[in-house]
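Input: a single structure, listed below in structure tokens.
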Amino acid sequence: MLKGKKILLGITGSIAAYKAILLVRLLVKAGAEVKCVMTPAAKDFVSPLVLSTLSKNSVLHSIADEGTWANHVMMGRWADVMLIAPLSCNTLAKMANGQCDNLLLAIYLSATCPVVLAPAMDEDMWHHPATKSNLDKVISYGNKLIPVNNGELASGLYGEGRMAEPEEILQYLVANFFRGNSLQGKKVLITAGPTYEHLDPVRFIGNHSSGKMGYALANAFFLSGADVHLVSGPVSVTHSLTGIRLTQVQSAEEMYNACMQDFSNTDIAVLAAAVADYRPGEIAAQKIKKTGDTLDLHLVKTKDILKSLGEIKRDNQLLVGFALETNDEENNALKKLASKKADYIILNSLQNKQAGFGVDTNVVTIYGKDGSKHSFDVKPKDDLAFDIVNLLNTKQQ
Ligand code: CTP
């Protein structure tokens, strides 16, 4: 998500500095190169050793260290974004007045990259007119502000002033600085996850789909500039970026309705959900009791969403399905491509342990109705999602 992006994280003296540790981890995990610079007060709250270990870079904290001069001008030029999180009341005041009594402030004043601020302070400090006026000033200089949250504060009070959570900060950076535009203006519909077909108020028929591939695709399309609508079955671990429209559904019928409603307005639809093929004929109003030695279920076919969209698809729409096969894979995938009138079928094989449900990697072959065949080596689902987006992008102009 942030591969190749350079983020300079400024940390100031605030209890919320502990969140900088999580933030560094999150940014590095998202692929960013992170360098940290601390004010002297920040070192009372978080250890430079932890930050340097997690960021894999030495932590900067003084203008001259052991006889060497820290080149503050080059730091602000190195970074794609300078993020100050947490921003204390004191550093905010110094920034508002152009003071320069530590390395962080020197870098800030010489930074040519965008600067993003995530303040953290107690509610009464946050609401003080001096803070308000300092904030207005630094915003008027062109700095961007990530709003504080409401919640429990270090003082034990409850109110405004909590620093935004690391995940929210990551999302802010992605949405505001690192989103491409190759698919700008395109509307994309994605389905993801399993469906749950209820038997009674407490039981359902489901499957092992984690939703990871669909969510990775939604993020990759969004990061390429598209407007994304993600229709997701029940998933636990995955998350989508702020800015992606999320419709949560349970059953195949609900997923069908959400897709049908949106499809006429869609340029590209990629159906990655593992939709149940059958559902109970009736949902029992009460919990089914254990009466006999066996229990027969009467199941009826669900609507095939991909096939239904294939029937109504216009020539200028791209429709892509997945095929999960355990045998005669290529043949089955090509049959699905034709019978569902899709433009592409992405085949993933359950025979490969690095592909399919639950795992973070996938191995796929993409078959086009134009006779094309693209094979991809095993790779993380996040990376594969970008390959799929790039392939479809060349077909959808
Ligand atoms: N699909 C769908 N609606 C269904 C069933 C499947 O939209 N009711 C979509 C899936 O999201 C996937 C593609 O159809 O993109 C193929 O799904 P898959 O389960 O591999 O195939 P099925 O059509 O269900 O056929 P089978 O289970 O017999 O292989």
* **Count of residues meeting criterion [of a type in the set (A, V, I, L, M, F, W, C) and free of Cβ contacts under 8 Å to residues at least 40 places away in the same chain] in segment 306-324** => 2
* Structure fact -> Exception for LEU391 within (1) part of a strand (DSSP E or B); (2) within 21 Å of the chain's Cα centre (by Cα) falls at (1)
* Asked: Of the residues that make up segment 365-372, is at least one on the phi < 0 side of the Ramachandran plot, away from the ligand (no atom under 16 Å from the Cβ) and surrounded by fewer than 21 Cβ atoms within 10 Å (Cβ to Cβ)?
  -> yes
* To do: Of the numbered conditions (1) within 30 Å of ASP267 (Cα to Cα); (2) at pLDDT 90 or above, ALA175 fails exactly one; give the number of that condition.
  => (2)
* Filter result for ALA276 (more than 15 Å from the ligand (Cβ to nearest atom), part of a loop (DSSP other than H, G, I, E, B) and at pLDDT 95 or above) -> no
* State the number of residues belonging to segment 25-73 that are surrounded by 14 or more Cβ atoms within 10 Å (Cβ to Cβ) and acidic (Asp, Glu). => 1
* Asked: Can you name every residue in segment 245-267 that is assigned to a helix (DSSP H, G or I), surrounded by fewer than 21 Cβ atoms within 10 Å (Cβ to Cβ) and touching a helix residue (DSSP H, G or I) at 6+ places or on another chain (Cβ under 6 Å)?
  -> PHE263
* Out of the residues in segment 214-244 that are small (Gly, Ala, Ser) and buried (at least 23 other Cβ atoms within 10 Å of the Cβ), state the one that is nearest to ILE346 (Cα to Cα). => GLY214
* Structure fact -> By residue number, the members of segment 314-336 that are more than 25 Å from the chain's Cα centre (by Cα) and near the ligand (Cβ under 10 Å from one of its atoms) are GLU325, THR326, ASN332, ALA333, LYS335, LYS336
* Asked: Among the residues of segment 291-313, how many are of a type in the set (Asp, Glu) and either assigned to a helix (DSSP H, G or I) or within 12 Å of the ligand (Cβ to nearest atom) (or both)?
  -> 2
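The values are calculated or read from the model by the stated rules, or taken from the named source; none is laboratory data. No experiment lies behind these values; they were computed from the predicted model shown. Virtual Cβ from ideal backbone geometry, glycine too; neighbours counted across all protein chains shown.
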